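Enquirer: Dropping a structure here in structure tokens format, bear with me for questions.
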Amino acid sequence: MNQEIALELKHISKYFGSVVANKDVSLTVRKGEILSLLGENGSGKTTLMNMISGIYFPDEGQIFVNGKEIVIRSPLDAFHYGIGMVHQHFKLVDVFTAAQNIVLGVKDKKRFNLKEVNERVMEISNRYGFHIDPKKKIYDMSVSEKQTVEIVKVLYRGADLLILDEPTAVLTPQETEKLFAVLRKMKEDGKAIIIITHKLHEVLSVSDRVAVLRKGEYIGSVVTAETNEAELTEMMVGKRIELNIDRPDPVDSRLKLNVEHLTCKNKEGVTTLDDVSFKAYSGEILGIAGISGAGQKELLEAIAGLEYAYPGSTVTYVTQEGEEEELIGLSPKEIRDMGVALSFVPEDRLGMGLVGSMDMADNMMLKSYTKGKTPFVERKDPTSLAVKIMNELEVVTPGIHTPVSRLSGGNVQKVLVGREIAASPQVLMVAYPVRGLDINSSYLIYSLLNEQKQKGVSVIFVGEDLDVLIALCDRIMVLASGKITGIVDGRTATKEGIGLLMTKNEAMRQEDKNES
Amino acid sequence: MDIFLAKAIEFGVIFLFGCIGETLTEKSGHLNLGIPGIMCAGAAGGCFGAGIYLTSVENPNGFVTVLLAILFACLFAGLLGGVYAFLTVSLRCNQNVTGLAITIFGVGFASFFINSVVLTLENASTLLSMAGINFFGAYLPIFDKMGVIGTIFFAHGPLAYLAIVIAILSALMLRKTRIGLNLRAVGESPATADAAGINVTLYKYVFILVGSAIAGLGGLCYVMEYMGGIVGSTVSSTIEGIGWLSIALVIFTLWKPDLAIVGSFLFGALYILSNYITGVTFVQTKLLNLVPYMVTVIVLIITSVRGKKENQPPASLGLSYFREER
């Protein structure tokens, strides 16, 4: 193996406001090697790579390329130093051909000639074993073909260091194998490759070394040949941290929600939820853990009536009086009126549930505008509810008539969760309610959930932080690629155990493939 | 018949300027509904430039008159386009609202400016109509002897040929050059263009300004060439109507400047059709005037149903671009 160092990071840190995205990260990549960057969601992998590719600028630390210290201020600078990144979300112009996309923005003195571009694209493809038609339009391409275009685009600009952000997330196992074959060829050609992933078996199959990040910090690097899944999992999730979140014992445990054989597919026909069956009880918090995109969103939306569930799926809801009601086929409003509430905090926080330009009172009204006897909307109740939420949850705002988009993230989340709780639901589903919140606001949300639990509400909590899930939930259900890989007791669960369950389905999928 | 076809081309040229201007602007992702107002401003500027020169010189030179008119038309239209660009690109205002405001302003401004400034110059209205007929109406000397063909294709003033040259150059630029490729990328997906190292803001500004200047020539063309320099009180409102049709024409010609040449002549023919058909009632005239709009709606329906990606508007048309929103 070539031992020359292609890229070296020293003590890199990046902060977004008070949030630490990366802290004191140092790592090296050698020429002719594939380095896996491993870490959970939110561990700062993508942020770190964005600093190398010129999208963010590091707050502290130094970057060296081929032994020389450099400053990268824009993607153009990164190209200049031979660094190219293939983003998770492709940046391609749909109505252009592959070749037009590849040549876009390339500055050279030669006359613009698409024929020559086509030839060079073919040359690169043949060299590394890609299959690409330079004249094919992007909108006619499959996801895997689009990814190929992105990789060729980077190579066309003469990149010697390639960064791939979760390249396999969108690929089938066969396409993944093809991609890995191409990556190995590039490696033989002397290119340095960093691949961001959280799939352990891929790490083991393709990389030479593994660097692990956890909560923005660099944990260490190991040589792939000398490690195993268990060791990597432990590095990735870390030792358990005591959080001192209250966990009262479940009260009045009765069946509230019985989900059986729930199956969903996305627009492309890919199965997002695969035959999911579980039960939720009153007076307990059921946690849902999983890598992002493992089906959490689809599960909650299918129960709330927002997502189409495939025939054969049943969601049975048991009312206070003990009657059984089938939820599938009902409208979201009917489901909500029966006492099943959903509060989903998306990545941009405002995207679902609240209207940014409206004030707190009007946002309360979104759920009650059908009430009232006169033809005019009823404003009194929503207004008093907004005041109540503001006071009880200590929402920091100039007043209930300030547009919610002007509130800080934590306060927006309090409004969102507060409104759902105010409807006094029987089943309360919350997804990522503490996303981006500081510690105090997080604890306030936890105690709100515990309060609901003690009232006999069945709480379903989708979380990102395993420590929180273990400390807060009575039971934890783990999803991986749309399947349930296990339901564990929150009191006895370990992070390692859950971590393995979160990645288990990938291994199962591999086995399935080998059998078939 | 030959007179009708010649007039159709002459009128079509006005549409062609507006259509090319709007096409270039839309290719950068900006729907400029200010084009009618900008065309009016171009007319006012052109009359002003020509008027100042004509009233201050004893024996005006035809070439200089036309050149000055073109320069001032571009300047006035470009200034108004600059306001639109600043508001929508830098301040990220809503493009539709900004465009409509520009149109309302431009129409009123042109009406005021022509009446209170241009026509108060000494002898301006006589001199302008003289220049309109002798300079802007000066056609190629050799080909007017070619009979019917000569009358239809070669009996036009310099602005008509300028329009066709601009249209062909625009088509070549969009299809064959790196600048064209970059411009289309900016209009389709500014985030992609930005990541590829293209200066998105610069491209937007340049092509909004260039597009506005070209559209301004349409206003000039109407007053000086089609009307023969007769500056009446309804100039602004007529140009405004032409401006709206030019925007419709962009849709009709599927954002392609070469198709725009044919499309604009067709629109020109449809627009003046009612004047050349004898024995139609007032109501029938109004119905005939509806035809260009109906044709546009039909084309819009057909292209939407067929759904071919190349024939759709630029994907980010009408959307402001924030770099931070990745």
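The values are calculated or read from the model by the stated rules, or taken from the named source; none is laboratory data. Everything quoted here is computed from the prediction, not taken from an experiment. Neighbour counts are summed over all protein chains in view; Cβ atoms, including those assigned to glycine, are modelled from backbone coordinates with ideal geometry. Keep in mind that these areas ignore ligands, DNA and RNA; they rest on the heavy atoms of the full protein, side chains included. Shrake-Rupley method; radii C 1.70, N 1.55, O 1.52, S 1.80 Å.
Enquirer: Express the Stokes-Einstein translational diffusion coefficient of the range A:88-152 in µm² s⁻¹, to the nearest whole number, given a Kirkwood radius over alpha-carbon pairs, 4 °C and a viscosity of 1.567 mPa s.
Expert: Stokes-Einstein gives a translational diffusion coefficient of 108 µm²/s.
Enquirer: Could I ask something else about it? How many percent of DSSP beta bridges within the protein assembly as shown run antiparallel, rounded to 5?
Expert: That works out to approximately 55 percent antiparallel.
Enquirer: Place the peptides A:309-318, A:25-34 in order of packing, highest mean first, counting for every residue the other Cβ atoms within 10 Å and averaging per peptide.
Expert: Averaged packing, sorted descending, gives the order A:25-34, A:309-318.
Enquirer: Once you put a point 7 Å from the Cα of B:THR55 and another 7 Å from the Cα of A:GLU119, both along the Cβ direction, what distance in nm separates them?
Expert: Rounded to a tenth, the inter-label distance reads 6.3 nm.
Enquirer: On to the next question. Run the accessible area of the range A:5-237 with a 1.4 Å probe and give the carbon-and-sulfur part as a rounded percent.
Expert: 48
Enquirer: What GluC sites (Glu not before Pro) does the range B:11-111 have in DSSP loop regions with at most 14 other beta carbons within 10 Å?
Expert: Passing sites in the range B:11-111 are B:GLU58.
Enquirer: Against the longest alpha carbon principal axis of chain B, how many degrees, from 0 to 90 and to the nearest 10, is the axis of helix B:178-188 turned?
Expert: Between the helix axis and the principal axis of chain B, the angle is about 70 degrees.
Enquirer: Next question, about the same structure. Using a 1.4 Å probe on protein heavy atoms, which residues of the range A:70-85 have at least 10 Å² less accessible area in the complex than alone?
Expert: Hits at the 10 Å² cut-off: A:PRO75, A:LEU76, A:PHE79.
Enquirer: Using the Kirkwood radius over Cα pairs, work out the Stokes-Einstein diffusion coefficient for the range B:204-326 at 10 °C and 1.306 mPa s, in µm²/s as a whole number.
Expert: Result for D is 94 µm²/s.
Enquirer: Further question: Between the range A:43-120 and the range B:205-272, how many Å separate their Cα centres?
Expert: Measuring centre to centre over Cα atoms gives 42 Å.
Enquirer: Taking a threshold of 28 Å on the Cα-Cα distance, which of the pairs A:LYS333/A:LYS414; A:LYS388/A:LYS453; B:LYS176/B:LYS204; A:LYS136/A:LYS267; A:LYS146/A:LYS265; A:LYS31/A:LYS136 fall above it?
Expert: A:LYS31/A:LYS136
Enquirer: In the calculated pair distance distribution of the protein assembly as shown, what percentage of Cα-Cα distances lie above 54 Å?
Expert: Here the tail beyond 54 Å accounts for 29 percent of pairs.
Enquirer: On each of the three principal axes of the Cα atoms of the range B:256-326, give max minus min coordinate, whole Å, ordered largest first.
Expert: 62, 23, 21
Enquirer: Could you work out how far the C-alpha centroid of the range A:287-307 sits from that of the range A:121-159, in angstrom?
Expert: Using only Cα atoms to place each centre, the spacing works out to 34 Å.
Enquirer: On a 0 to 90° scale, report how tilted helix A:380-392 is relative to the longest principal axis of chain A, with both axes built from alpha carbons and the result rounded to the nearest 10.
Expert: 70
Enquirer: At a 1.4 Å probe radius, which order do B:PHE72, B:PHE86 fall into by accessible area, largest first?
Expert: Accessible-area ranking of B:PHE72, B:PHE86, largest first: B:PHE86, B:PHE72.
Enquirer: For the range B:102-254, what is the accessible area per residue in Å², given a 1.4 Å probe and the full set of protein chains?
Expert: Normalised by residue count, the accessible surface of the range B:102-254 is 40 Å².
Enquirer: Can you run phi through the Karplus equation (6.51, -1.76, 1.60; θ = phi - 60°) for the range A:325-330 and list ³J(HN,Hα) in whole Hz, with x for Gly and Pro?
Expert: 10, 8, 8, 5, x, 7
Enquirer: Moving on. Run the 1.4 Å probe and let me know the accessible area of B:TRP255, rounded to the nearest 10 Å².
Expert: Here the accessible area works out near 20 Å².
Enquirer: Please express the Cα-Cα pair-distance distribution P(r) of the range A:350-423 as a list of whole percents, one per 5 Å bin, running from 0 to the bin with the greatest distance.
Expert: Over the range A:350-423, the share of Cα pairs per 5 Å bin runs 3, 18, 32, 26, 13, 5, 2, 0 percent.
Enquirer: Within 15 Å, Cβ to Cβ, of A:ASN258, how many net charges do the neighbouring residues add up to if Lys/Arg are +1 and Asp/Glu are -1?
Expert: With Lys, Arg at +1 and Asp, Glu at -1, the neighbours total -3.
Enquirer: Now a separate question. Please grab the % of Cα pairs in the range A:5-237 that end up more than 24 Å from each other.
Expert: The calculated P(r) of the range A:5-237 puts 44 percent of pairs beyond 24 Å.
Enquirer: Moving on to the next point. Of B:PHE105, A:PHE278, which has the most accessible area and how do the rest follow, probe 1.4 Å?
Expert: Largest accessible area first, the residues go B:PHE105, A:PHE278.
Enquirer: Per residue, how much accessible surface does the range A:350-423 expose to a 1.4 Å probe? Answer in Å², no decimals.
Expert: In whole numbers, the range A:350-423 has 53 Å² accessible per residue.
Enquirer: Hey, another quick one. Against the longest alpha carbon principal axis of chain B, how many degrees, from 0 to 90 and to the nearest 10, is the axis of helix B:35-56 turned?
Expert: Approximately 40 degrees, to the nearest 10.
Enquirer: Under 14 Å Cα-Cα from A:LYS115, which aspartates and glutamates qualify once same-chain neighbours fewer than 8 residues away are excluded?
Expert: A:GLU123, A:ASP133
Enquirer: Related question: Considering the Cα trace of chain B, what is its radius of gyration and what is Dmax, both in angstroms?
Expert: Rg, Dmax (Cα atoms, Å): 19.7, 63.
Enquirer: If you don't mind, there's one more thing I want to ask. Show A:ILE389, B:ILE52 ordered by accessible area, largest first, where the area counts protein heavy atoms only and the probe is 1.4 Å.
Expert: B:ILE52, A:ILE389
Enquirer: Now, a different point. List the lysines whose Cα sits under 27 Å from the Cα of B:LYS145, skipping any in the same chain fewer than 8 residues away.
Expert: B:LYS7
Enquirer: Using a Gaussian network model of chain B whose springs link C-alpha atoms within less than 10 Å, name the residue from B:LEU290, B:LEU270, B:LEU249 with the highest mean-square fluctuation.
Expert: Of B:LEU290, B:LEU270, B:LEU249, the most mobile in the Gaussian network model is B:LEU290.
Enquirer: Take the alpha carbon atoms of the range A:127-260, find their radius of gyration, then divide it by 2.2 N^0.38 Å using N residues; give the quotient.
Expert: Relative to the 2.2 N^0.38 Å estimate, the range A:127-260 comes out at 1.47.
Enquirer: Anyone know which of B:MET224, B:MET130, B:MET146 comes out most mobile in the 10 Å Cα GNM of chain B?
Expert: Residue with maximal mean-square fluctuation among B:MET224, B:MET130, B:MET146: B:MET146.
Enquirer: If you take the accessible area of A alone, add that of B alone, and subtract the area of the pair, what total do you get in Å², probe 1.4 Å, to the nearest 100?
Expert: By this definition, chains A and B bury close to 1900 Å².
Enquirer: Another one. Once you've got the GNM for chain B with C-alpha springs shorter than 10 Å, pick whichever of B:THR98, B:THR23, B:THR285 has the biggest mean-square fluctuation.
Expert: For chain B, modelled as a Gaussian network with Cα springs under 10 Å, the answer is B:THR285.
Enquirer: Give the aspartates and glutamates reachable from A:LYS107 as a straight Cα distance under 19 Å; neighbours fewer than 8 places away on the same chain don't count.
Expert: Within the straight-line limit of under 19 Å, A:LYS107 reaches these aspartates and glutamates: A:ASP77, A:GLU116, A:GLU119, A:GLU150, A:ASP160, B:ASP194.
Enquirer: Can you list the residues of the range B:181-195 whose accessible area drops by at least 10 Å² going from the chain on its own to the full set of protein chains, with a 1.4 Å probe?
Expert: Buried on complex formation: B:LEU181, B:ASN182, B:ARG184, B:ALA185, B:GLU188, B:SER189, B:ALA191, B:THR192, B:ALA195.
Enquirer: Something else about it: List, in order, the whole-Hz ³J(HN,Hα) value for each residue of the range B:91-103 obtained from phi through the Karplus relation with A = 6.51, B = -1.76, C = 1.60 and θ = phi - 60°; use x for Gly and Pro.
Expert: The phi angles translate into 8, 6, 6, 4, 5, 5, 4, 4, x, 5, 4, 4, 5 Hz.
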